[in-house]
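Nothing in this text is a laboratory measurement; each read-out follows from the coordinates by a stated rule. Here the structure is a predicted model, which means the values were calculated and not measured. Here the Cβ positions follow ideal geometry from the backbone for every residue, glycine too, while neighbour counts run over all protein chains shown.
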Amino acid sequence: MSEQRQPLLSIIVIAYDMQRQALNTLRSLACDYQQDVDAADYEVIVVENRSARTLDAQAIAALPGNFRYFLRDEPGVSPAAAINFAFAQARGRYIGLLIDGARMVTPGVIRHTLMAFRMNEQALVAVPGFHLGEHDQQFHLTNGYSEASEIGLLQSVDWPRNGYGLFDVACWSPGNARGALQPFMECNCLFASAECFREIGQADERFQCPGGGMLNLDIYRRLAMLPATQLVVLAGEGSFHQLHGGVTTSESGRREQILQRQQEEYLAIRGQPYHSPTLEPLLLGQFKWPATRFLERSAEWAQKRFQRFANDGRDPFADERIKRESLQTQGHVADH
Amino acid sequence: MLSLLRRPKLSIVLIVYKMPDQAERTLHSLSVRYQHGVRESDYEVIVVENHSDRLLGAARALAQGGNVRYHHRQETERTPVHAINFGASVARGSHLAIMIDGARMVTPGVIRGALDAFRLEPHAAVSAPGYHIGHKLQQVAVNEGYNEEVEAGLLRQINWPENGYRLFDIAVLSGSCRGGFFQANYESNFIAMSRRKWRQLGGVNPRYNDFGGGNANLDLYKRLLESPDTPFYLLYSEGSFHQFHGGVTTGTLKEERERVYKQLDDQDREIRGDDRSPPSVRPILLGSPHPHVLRFLEHSLTQVRPQ
């Protein structure tokens, strides 16, 4: 019956060649894993680009909640078109985007996201990212990390029964390598209103590098820099990357080359190099014990950053000023 | 004038007794000149002053904003509880914030934070942690010569009220809040809720009729946080900061203070019995992690125990 009511939130999960990992991610979005949510409040739109290892549609259908699965043939190597296809399916007033289906989440993500939207329609909700394992997965070969060791880690913390146990077997993701209180470079589990996504033109299909290149960073920055959005960081929650042979999240001798090509593509599209949006975040969350050690590090790093900026006489949230100015300009235009 | 015609969202009840200068600064901290992101029409400040020989008075109170309402009361008991219940009875907002001690000034995001939290959850309990200005708790510092003059020097040092968040730089957590941000602690000087919730609770308990209301504030806080369907939002990066004013428990010398404490404790035990543990509720944190609060965030994290 719940399918008849329009969901408030549509969560887009993009998958490609990551059968086991994506199913774990979907498991973490199911309504019996997410706490204090009404199943009718959200739908999960799974869009998979066909590979030799596609997801098991029946296994998805068996998950509790509203999962809608779409398997499509994609001639290219970028997820941009798949994301826009997913947007066309989404019915929610708010949209969540997990561009990399290998990132599973903690049990409070949906509850807190809906809370943030109740507070502010224009919230941009960012969930900090982590990698499973002791080390950034881009060095997995050097560190002897494998899918088998990851499966062992998940068992050791009794996942999925213990969703917050993920914090016990993880490290910071490079996208927010300096913790949850400093500007993120990107966010792999982010939420904004459908309206905001429309305003930025959703996924720019000119990003054609494998894995989308810097598409995810581009989406994050453009949403963050919309004049009216308010950055809300769910610092007590997380998205956790599982090893799956991703373009930049697994060890490769060609990594430098790949990154360079991605940066060139970004520069060609946006006309300037990328930089992380420096916005003052609003923290929202109820912190579980396993998350607190990460918050401790975040507070230490944030203190150092503030000190450094104060010493240099720089504004730690310079982009905030740019946003305020464009809001004023908009107001000015509206007044006339 | 317009701000008095439209119904505000939040009514702040501020109790004043024998602290004109401190209360004036607190009122400034509640004004739109100091608070961020709010308009006068969003809230009203109801000052209830119990009569004394050191009155703030209507003129000084009203000068702090077009949304201030002033009530001067004659009080026969040495307690603020009747003043609080009176203040709440004349409130026009859909939500109330109780500030039992007019000597506690606040940081610039308290009102906006409370309004955010109530948009999120209209029947939430919302509070901000309490601090003492100075490098030690004032009940300790007073024995070492801390007084209004020393405090004025500290406020000058941070150029108050230029950046209200700098209050964190010259303060310590109140004794009742030293457990930090990840637990409910014992009380707050900014306790906010819907008016409906206030009615359900029956306001502050008028039986607390001794010095300063004794534990009336702790009792209100506990009953609110433990009432069903009441998520608790802690504006962890805001605060209320106690100014020295010779209050009953924060500004008297040791011997006298201990005698008073005992008396208040006896009354509290009579009213509440033996279960006076802090509310067992885990807060939802809401607020911006600005640089001035980070050392208190770090302290708070050292107080967290595995659940």
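Just counting partner chain Cβ atoms within 10 Å, what average do the residues of peptide B:31-43 show around their Cβ?
Working: counts 0, 0, 0, 0, 0, 0, 0, 0, 0, 0, 0, 0, 0.
So the per-residue partner count for this stretch is 0.
Report the relative contact order of chain A, percent, no decimals, based on alpha-carbon pairs under 8 angstrom and at least 6 residues apart.
20 percent
Kindly put A:Lys323, A:Lys304 in sequence by how many other C-beta atoms sit within 10 Å of each C-beta, fewest to most. Write down the numbers at each step before the final one.
Working: A:Lys323 20, A:Lys304 13.
With the sparsest Cβ surroundings first, the list reads A:Lys304, A:Lys323.
Quote the FRET efficiency, to the nearest 0.05, computed for A:Arg206 versus B:His135 with a Förster distance R0 of 60 Å and r equal to the Cβ-Cβ distance. Please list the in-between numbers first.
Values: r = 58 Å, r/R0 = 0.96.
The value I calculate is 0.55.
What order, most packed first, do the peptides B:143-154, B:90-101 have when packing is the mean number of other Cβ atoms within 10 Å of each residue?
Values: B:143-154: 13.8, B:90-101: 22.1.
Highest to lowest by the protection proxy: B:90-101, B:143-154.
For the modelled label position 7 Å from the Cα of B:Arg178 along Cα-to-Cβ, which residues of the range B:101-132 have backbone nitrogen atoms closer than 16 Å?
Zone members listed by number: B:130-132.
In peptide B:297-305, how many Cβ atoms from other protein chains are near each Cβ within 10 Å, on average?
5
How much length is gained on full extension from A:Gln330 to A:Arg198, taking 0.36 nm per residue of separation minus their Cα-Cα distance? Before the final figure, lay out the partial values.
Details: separation 132, 0.36 × 132 = 47.52 nm, distance 1.81 nm.
Contour length minus the Cα-Cα distance gives 45.7 nm.
Restricting to DSSP H runs of at least four residues, report the calculated mean residue ellipticity at 222 nm for chain B, -39500 (n - 2.57) per run over all residues, nearest 500 deg cm²/dmol. Write down the numbers at each step before the final one.
Numbers: 11 runs with 98 residues, N = 307.
Dividing the helical sum by the residues of chain B leaves -9000 deg cm²/dmol.
Of the peptides B:267-274, A:233-240, how do they stack up when ordered by the mean number of other Cβ atoms within 10 Å, highest first? Before the final figure, lay out the partial values.
Details: B:267-274: 13.0, A:233-240: 27.5.
Highest mean packing first, the order is A:233-240, B:267-274.
Calculate the FRET efficiency for B:Asn143 and A:Gln303 from the Cβ-Cβ distance with a Förster distance of 30 Å, rounded to the nearest 0.05.
0.40
Please state the relative contact order of chain B as a whole percent: Cα pairs under 8 Å, 6+ residues apart? Walk me through the numbers before you get to the answer.
Numbers: 631 pairs, mean separation 67.4, N = 307.
Once divided by the residue count of chain B, the mean separation gives 22 percent.
Tell me the mean residue ellipticity at 222 nm calculated for chain A from its helices only (DSSP H runs of n ≥ 4, each -39500 (n - 2.57), averaged over every residue, nearest 500).
About -11000 deg cm²/dmol.
From other protein chains only, count the Cβ atoms within 10 Å of every residue's Cβ in B:288-295, then give the mean.
Mean shielding by partner chains, rounded to a whole number: 6.
Could you list B:Thr79, B:Thr26, A:Thr25, A:Thr142 so that the one with the fewest beta carbons within 10 Å of its beta carbon is first and the one with the most is last?
Taking fewest neighbouring Cβ atoms as first place, the list is A:Thr142, B:Thr79, A:Thr25, B:Thr26.
Counting Lys and Arg as +1 and Asp and Glu as -1, what is the net charge of the other residues whose Cβ lies under 12 Å from the Cβ of B:His292?
Numbers: positive: B:Arg166, B:Arg295; negative: B:Asp169, B:Glu238.
Surrounding charge for B:His292 is 0.
By how many nm would the segment from A:Glu134 to A:Ala39 lengthen if fully extended, with 0.36 nm per residue of separation less the alpha-carbon distance?
My answer for the length gained is 30.8 nm.
When only C-alpha pairs under 8 Å and at least 6 residues apart count, what is the relative contact order of the range B:184-307, in percent?
35 percent
At a 10 Å Cβ-Cβ cut-off, how would you order A:Thr113, A:Thr54, fewest neighbours first?
Ascending Cβ contact count within 10 Å gives the list A:Thr54, A:Thr113.
Longer than 28 Å from Cα to Cα, which of B:Lys136/B:Lys197; B:Lys9/B:Lys222; B:Lys197/B:Lys254; B:Lys18/B:Lys262; B:Lys222/B:Lys262; B:Lys18/B:Lys136 are they? Say none if no pair is.
B:Lys136/B:Lys197; B:Lys197/B:Lys254
When you count, for each residue, the other Cβ atoms within 10 Å and take the mean per peptide, how do A:268-280, B:188-200 rank with the highest first?
Peptide ranking by packing, descending: B:188-200, A:268-280.
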